[in-house]
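For reference, the structure discussed in these notes is given below.
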Amino acid sequence: MCAVRQQLYTLAPFPWPVRIEGARGTGKNLAARLLHDMSHRPGAFVRCGLNVVSAAEGRELAEFFGWARGAFTGAMHAEPGVFERAHRGTAFLNELGLASPRVQEILLHLLDERTVQRLGEHVARPIDVRIVFATNVRLEAAVRMGTFRADLYDRLGLHVVRMPPLRTRMEDIPELAAAIVIRKAREAGGLDTPLLRPAEIDRLMGYDWPGNVRELENALEHYVVFGRLPPPIPRARRRGHAWRAAVAASLEKFGGNKTDVARALGISRKTLHAHLSQREA
């Protein structure tokens with residue numbers, strides 16, 4: 001993930017579109033937000049709530065364009081769309097690889113003209129917005145199949161960040177899990193943060209995580225509530241092996257500083273000391 005973060009940092013200052021590819025749950029939304037935060041663009045980060053797969057006409061597209069007062073039944077006041085709200089900031093669109101032909105047409109116009117027109121108005125409003133979009137399909141293949149416009153791909157396809165699945169970066173799990181447990185305890189109203197024991201770390205590192213980081217978050221939310229991992233996470237077949245590897249990697253990373261190692265692994269110094277004494281014995 002250090003390589004992914006460095007790529008985001010490199011792309012952040014530039015105004016051009018960025019495509020974030022990855023399987024479900026790999027953290028594409030978080031990467032998009034991080035890219036915006038690193039960019040120092042003064043406008044907002046706006047996540048599009050439109051279903052880009054099925055949107056076709058009229059009010060379905062109001063989320064994109066915004067609308068004028070009286071533009072349709074129930075439009076009691078004017079409302080800006082996604083791209084206006086993201087002016088001088090970042091608009092994030094999810095699952096763009098599956099977007100309907102109408103949505104693709106709108107995006108192409110936006111990238112060419114840099115203007116939007118609210119429903120019920122005849123005024124083109126200039127916008128300065130960076131588009132970041134996520135997809136779990138390869139756009140190159142979608143273009144070959146004819147489901148994605150080649151001209152839109154030409155405008156969107158250059159800068160690509162690929163999010164690796166969790167199973168390919170198992171060494172990240174101890175620190176990632178510790179951070180998630182702390183956040184979940186805070187979200188629960190400041191509960192005492194339950195420490196992950198070596199046996200739990202072994203189980204986390206012995207699982208393939210088909211749902212990636214999102215599935216890991218769900219499992220650790222269960223842990224914060226019940227004090228144990230959910231049943232779908234199997235007990236590690238090689239008890240202690242993954243945990244020893246995690247401790248060794250953290251010791252190397254932090255130059256042997258046991259306080260930093262314990263904090264990163266989400267354990268107490270006493271637990272770490274006991275593990276190291278057992279290893280030396």
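Backbone amide hydrogens, once placed in the peptide plane, bring Ala134 within less than 5 Å of Ile20, Leu93, Asn94, Glu95, Leu96, excluding anything fewer than 5 places away on its chain.
Computed with a 1.4 Å probe over protein heavy atoms only, the accessible surface of the chain comes to 53 Å² per residue.
Overall, the accessible surface of segment 1-105 at a probe of 1.4 angstrom is composed of carbon and sulfur to the extent of 57 percent.
Where only DSSP H runs of four or more residues are counted, the chain gives -13500 deg cm²/dmol as its mean residue ellipticity at 222 nm, each run worth -39500 (n - 2.57).
How much of the accessible area of segment 108-264, probe 1.4 Å, is carbon plus sulfur, in whole percent? C and S fraction of accessible area: 51 percent. Taking the longest Cα principal axis of the chain as reference, the axis of helix 241-253 is set at about 80 degrees.
The share of C-alpha pairs in segment 1-82 whose separation exceeds 20 Å stands at 50 percent.
Give the value in nm², to one decimal: projected area of the alpha carbon convex hull of segment 31-152, averaged over all directions. About 7.7 nm², averaged over all directions.
Computed about its Cα centre, the charge dipole of the chain is approximately 1000 debye, with only Lys, Arg, Asp and Glu carrying charge at their Cβ. Remark: accessible surface ordering of Thr90, Thr115 (largest first) is Thr115, Thr90, probe radius 1.4 Å. Considering only Ala150, Leu110, Ala23, the residue lying farthest towards the positive end of the dipole of the chain is Ala23, judged by Cα position with unit charges set on Cβ. I need the fraction of alpha carbon pairs in the chain separated by more than 36 Å, rounded to a whole percent. Considering the chain, 31 percent of its Cα-Cα pairs are separated by more than 36 Å. Between the helical axis of 173-187 and the longest alpha-carbon principal axis of the chain there is an angle of about 70 degrees. Take the convex hull of the alpha carbons in segment 1-45; its mean projected area over all directions comes to 3.2 nm².
Proximity of backbone amide H atoms, modeled 1.01 Å from N, is registered between Arg162 and Glu21 at under 5 Å, excluding neighbours fewer than 5 places apart on the same chain. Simple rule: put +1 on each Lys or Arg Cβ and -1 on each Asp or Glu Cβ in the chain, find the dipole, and look at Tyr207, Gly70, Phe133; the Cα lying farthest toward the positive end is Tyr207.
Considering only alpha-carbon pairs that sit under 8 angstrom and 6 or more positions apart, the relative contact order computed for the chain is 20 percent.
Taking the Cβ of Lys253 as the center, what net charge do the other residues with Cβ under 13 Å away carry, scoring Lys and Arg +1 and Asp and Glu -1? With Lys, Arg at +1 and Asp, Glu at -1, the neighbours total -3.
The values are calculated or read from the model by the stated rules, or taken from the named source; none is laboratory data. All values reported here derive from a predicted model rather than from experimental measurement. Glycine gets a Cβ as well: all are built from the backbone with ideal geometry, and neighbour counts include every protein chain shown. Just the protein is used for accessible areas: all its heavy atoms, side chains included, with ligands, DNA and RNA removed. Shrake-Rupley method; radii C 1.70, N 1.55, O 1.52, S 1.80 Å.
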